[in-house]
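This report concerns only the one structure given below.
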């Protein structure tokens, strides 16, 4: 029970746990909330309207910030997987599992906001744009990671196999990006990538959005880790019960 | 503001808050499981 | 050296087994026919679009063959708990990987040898002396595909959902190899020589080097007593 530090044995209720979480993370919560609201405000009020694309371009800030968050998340999956294979500490695998889920969530956001942006601007839902296509492959890759985890019963084998896949997948990521980008570069450019006229206000807004999403990532990660630790606790109790029967 | 922009931001917010709600639900469900398991363990220890 | 001989022995053992033989061949052959015929229905005979699409069709057939070959990669070990026996032998895990890799690779190549002539006939392919390059491309793509596939095959060996899981795990990871294979093949079919495909060859060689090494190194983590 030593690893489940956030669960007081025998007495703590879930509401108690949540209270403690909010108290322990109050600065992170406040900062994330503030930055997210500011980013939203900047996206609509501070950043100018884009000359060619119009209002839809405002999705750019959260679209890119989501992609940034997803890459951070998948990097953590990689580091967690590597460390787990090296050290065998379940804590690293928990980071990987939690992070993969969050990464998939935000890649989904990228994959939905991308077409929503493409449709009014280029009159097509899917442009086979290099970055979007790579995001699609990444999305499938990490969904596969989650499916693999789901298919394996709780055991060291599960954590180990997941770690192997997490490792292989991330090593592949740059190669995927490169090969897709190169594939795209060979085609006559019908749709000019993200041909935006970038004003300085836009860059400020983008930077702030990325900062806000960075904090959001850590907040979600901590929440998700708490869930994972609880699952471990339930697991170990189930095992104890099984032994006693 | 056009419909696509609205759809985009709405989707983002729904997903983020939806995920938090999902985790919240997970926590409660696991908490109930934990309580149930602890009760069963306590009964084992009694006789 | 000893490692190589051991790997070859494992490969030969696998290839001799009936589980891999006729049924797979027939299934793959049948699928290749269907794919080729159905795709041709979509085009006017002699349309230039066919030449553009044909490399992709070829690789769809090849990849299907690859998936089938991988699906059986550890079938025998599954059936008779032979994996335990294999692991108890004083053989380094990486060697088992290499042996399996070789067997899977040869099996895939054998099926491709059967598919390709059919393809040439129906698509009227004229390789114009680019056959050597085509062979190289196929070998490189197969190697990368089978390296990752053997690793994942071992991982999913004991799972009920392995037939669904293996493709989901494998395909996103081998995307670079598939793109390179299709584009390079298109280059060769189009008559361009080395310059048309040099870049893609580099991608393939890079991928193969990285992933054969990586999968070899981590194979030990996916073959454990409990598998």
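Spot the failing condition for residue B:41; the list is (1) more than 30 Å from residue A:244 (Cβ to Cβ); (2) in contact with a helix residue (DSSP H, G or I) (Cβ under 7 Å, 6 or more places away or on another chain), and only one is missed.
For residue B:41, the failing item is (1).
In the range A:161-200, what residues are more than 10 Å from chain C (Cβ to nearest Cβ) and modelled with pLDDT of 90 or more?
A:166, A:170, A:181
Condition first: within 7 Å of another protein chain (Cβ to nearest Cβ) and within 9 Å of the chain's Cα centre (by Cα). Can you find one or more residues in the range B:3-13 that meet it?
No, the range B:3-13 contains no residue that is within 7 Å of another protein chain (Cβ to nearest Cβ) and within 9 Å of the chain's Cα centre (by Cα).
Checking residue A:97 against (1) under 23 Å from residue A:178 (Cβ atoms); (2) away from chain C (no Cβ under 12 Å); (3) in a helix (DSSP H, G or I), which single condition isn't satisfied?
Looking at each condition in turn, residue A:97 falls short on (1).
Out of all the residues in the range C:174-189, is one or more within 12 Å of chain A (Cβ to nearest Cβ) and within 19 Å of residue C:74 (Cβ to Cβ)?
Looking through the range C:174-189, at least one residue is within 12 Å of chain A (Cβ to nearest Cβ) and within 19 Å of residue C:74 (Cβ to Cβ).
Is it true that residue A:14 is within 11 Å of another protein chain (Cβ to nearest Cβ) and modelled with pLDDT under 90?
Yes; evaluated as a whole, the condition is true for this residue.
Here is a list of conditions, (1) closer than 16 Å to residue A:162 by Cα; (2) part of a helix (DSSP H, G or I); (3) within 9 Å of chain A (Cβ to nearest Cβ), and residue C:159 meets all of them except one; can you say which number that is?
Residue C:159 satisfies every listed condition except (2).
Restricting attention to the range A:114-155, and to residues there that are in a helix (DSSP H, G or I) and modelled with pLDDT under 90, which single residue is nearest to the other protein chains (Cβ to nearest Cβ)?
My answer is A:121.
Surrounded by 18 or more Cβ atoms within 10 Å (Cβ to Cβ) and part of a helix (DSSP H, G or I): does that describe residue C:34?
Against the criterion (surrounded by 18 or more Cβ atoms within 10 Å (Cβ to Cβ) and part of a helix (DSSP H, G or I)), residue C:34 does not qualify.
From the list A:149, A:184, exactly one residue is over 23 Å from the mean Cα position of the chain (by Cα) and without any contact (Cβ under 8 Å) to a residue 60 or more places away in the chain. Which is it?
When all the criteria are applied, what remains is A:184.
Would you say residue C:166 is surrounded by fewer than 24 Cβ atoms within 10 Å (Cβ to Cβ), without any contact (Cβ under 8 Å) to a residue 12 or more places away in the chain and farther than 28 Å from residue C:52 by Cβ?
The answer is no for residue C:166.
With the condition kept exactly as written, say whether any residue in the range C:215-222 is within 12 Å of chain A (Cβ to nearest Cβ) and under 19 Å from residue A:179 (Cβ atoms).
Yes, the range C:215-222 contains at least one residue that is within 12 Å of chain A (Cβ to nearest Cβ) and under 19 Å from residue A:179 (Cβ atoms).
Results for (1) closer than 21 Å to residue A:79 by Cβ; (2) touching a residue at least 40 places away in the same chain (Cβ under 8 Å), shown as yes or no for each residue.
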residue	(1), (2)
A:112	no, no
A:117	no, yes
A:130	no, yes
A:135	yes, yes
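If only one of A:65, A:96 is closer than 17 Å to residue A:160 by Cβ and over 8 Å from the mean Cα position of the chain (by Cα), which one is it?
Residue meeting the stated conditions: A:96.
Can you pull out the helices (runs of 4 or more DSSP H) entirely within the range C:59-146 that have at least 2 residues that are at pLDDT below 80 and closer than 27 Å to residue C:2 by Cα?
Where helices (runs of 4 or more DSSP H) fall fully within the range C:59-146 and carry at least 2 residues being at pLDDT below 80 and closer than 27 Å to residue C:2 by Cα, they are C:75-80, C:82-88.
The values are calculated or read from the model by the stated rules, or taken from the named source; none is laboratory data. In this text, all values refer to a predicted model and were calculated from it rather than measured experimentally. Reconstructed Cβ throughout: ideal geometry from the backbone, glycine too, with neighbour counts over all protein chains shown.
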